[in-house]
Amino acid sequence: MSEFSPEEITRRSKSNLAFALRCLPKGRRADMVTFYAFCRIVDDLADEPDRILEDRVKELELWKRGLNDGFDNANLIQVGIENLISKYNIDRSLFIQLIEGMEMDLKGVTYTSFEELKAYCYKVASVVGLISLKIFGANYENSKDYAINLGYALQLTNIIRDFSEDYLMGRIYLPADEINSFGLKSELLLDSAETKEFQLMMQFQADRADSYYKLADQSLNDADYKILKSARSMGKIYRNLLNLMRKDGFKVASKRYRLSTLKKIFIMLSS
């Protein structure tokens with residue numbers, strides 16, 4: 001369990017999501033920082049290779065049990081999450097689904113089809129959007145479609161960007177049937193990163209991500225437009241990141257793509 005406050009966890013992360021939270025009103029920003037700290041904790045449990053796997057599995061299970069049955073000696077983050085659930089009437093099963101997505105990461109990852117991958121993306125990204133809607137105060141039904149589709153788009157962008165890092169951890173967040181359809185082999189993907197076939201496959205994945213950004217835009221309700229400024233900023237940051245990788249030929253096996261702070265500030269202001 002974390003020994004840091006939500007604010008410290010968010011500050012240490014230096015993530016695009018933490019950056020996008022800056023444009024929220026003070027009260028909602030503090031609540032999103034608490035939620036983000038929860039996301040960071042469970043994500044770290046899925047990703048920390050230096051910690052014993054059994055211990056990480058146990059901690060995620062304790063989080064699920066606490067959300068279902070109440071926490072024993074709740075820490076600062078757990079108290080904060082319970083307050084959010086009560087304050088915004090959030091379905092606690094959403095938090096549990098998010099943890100289930102992290103548990104999927106612990107198993108070493110391969111996906112047979114996009115439908116399987118999409119189910120994973122829903123749990124680790126779209127669910128984050130659905131919880132965030134409550135905290136933002138976005139109440140229109142269409143905004144749920146916006147959150148779900150934006151979640152897919154963001155996660156697919158992450159999958160492209162983090163390809164090399166994930167692959168070296170034994171995780172392939174690309175559908176096996178699509179890998180095969182481009183004449184590639186899962187066990188040789190990293191070695192194939194400079195080939196035309198790999199580039200075409202990544203282009204295909206980028207086009208799919210872009211289609212979800214467009215679906216999200218189409219689902220955005222005018223009444224929630226201002227309220228969802230942080231989400232729109234996040235979408236623009238990641239869409240710019242996707243375009244950067246596309247223009248550079250998806251050198252994801254050898255480069256870690258990121259946007260400058262100045263670029264992100266400009267995107268936020270333009271939102």
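The values are calculated or read from the model by the stated rules, or taken from the named source; none is laboratory data. What you see is a predicted model, and the numbers here were worked out from it, not measured in a lab. Virtual Cβ from ideal backbone geometry, glycine too; neighbours counted across all protein chains shown. Heads up: the accessible areas ignore ligands, DNA and RNA and are worked out on the full protein's heavy atoms, side chains in. Shrake-Rupley method; radii C 1.70, N 1.55, O 1.52, S 1.80 Å.
At-a-glance table
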| read-out | value |
| --- | --- |
| Accessible area in square angstrom per residue, the stretch 183-271, 1.4 angstrom probe | 54 |
| Candidate values (i) 1.04; (ii) 0.98; (iii) 0.96, label of the one derived for Rg/Rh (Cα atoms, Kirkwood Rh) | (iii) |
| For the stretch 144-208, average projected area of the Cα convex hull in nm² | 4.6 |
| Exposure ranking of S230, S113, S260 by accessible area [1.4 Å probe, largest first] | S260, S113, S230 |
| Longest exposed-site-free window of the chain, the sites being trypsin sites (Lys or Arg not before Pro) in a DSSP loop that have at most 15 other C-beta atoms within 10 Å | 108-184 |
| Cβ-derived FRET efficiency at R0 51 Å, E197 paired with Y88, nearest 0.05 | 0.65 |
| Helix-only mean residue ellipticity at 222 nm for the chain, each DSSP H run of n ≥ 4 adding -39500 (n - 2.57), per residue, nearest 500 | -21500 deg cm²/dmol |
| Residues of type lysines that K118 reaches as a straight line, Cα spacing below 19 Å, ignoring anything fewer than 8 places off in the same chain | K107, K144, K214 |
| Solvent exposure of the stretch 39-101 as accessible area per residue, Å², 1.4 Å probe | 54 |
| Other-chain or far-sequence residues with amide H under 5 Å of Y111's (modelled H) | L174, A176 |
| Of K58/K87; K64/K185; K123/K251, those spanning more than 31 Å from alpha-carbon to alpha-carbon | K64/K185 |
| Carbon/sulfur fraction of accessible area - the stretch 147-195, other protein chains in place, 1.4 Å, % | 51 |
| Value of relative contact order over the chain, rounded to a whole percent, pairs C-alpha under 8 Å and six or more apart | 19 |
| Within the stretch 88-156, GluC sites (Glu not before Pro) in DSSP loop having at most 10 other beta-carbon neighbours inside 10 Å | E141 |
| Qualifying aspartates and glutamates (Cα of each under 15 Å from Cα of K226; at least 8 residues distant if same chain) | D217 |
| Most mobile listed residue (E197, E165, E54) in the chain, GNM with C-alpha springs under 10 Å | E54 |
| Simple Cβ-charge dipole of the stretch 61-164, Lys/Arg +1 and Asp/Glu -1, about Cα centre, in debye nearest 20 | 200 |
| The chain: most fluctuating residue of G170, G235, G80 per GNM, C-alpha cutoff 10 Å | G170 |
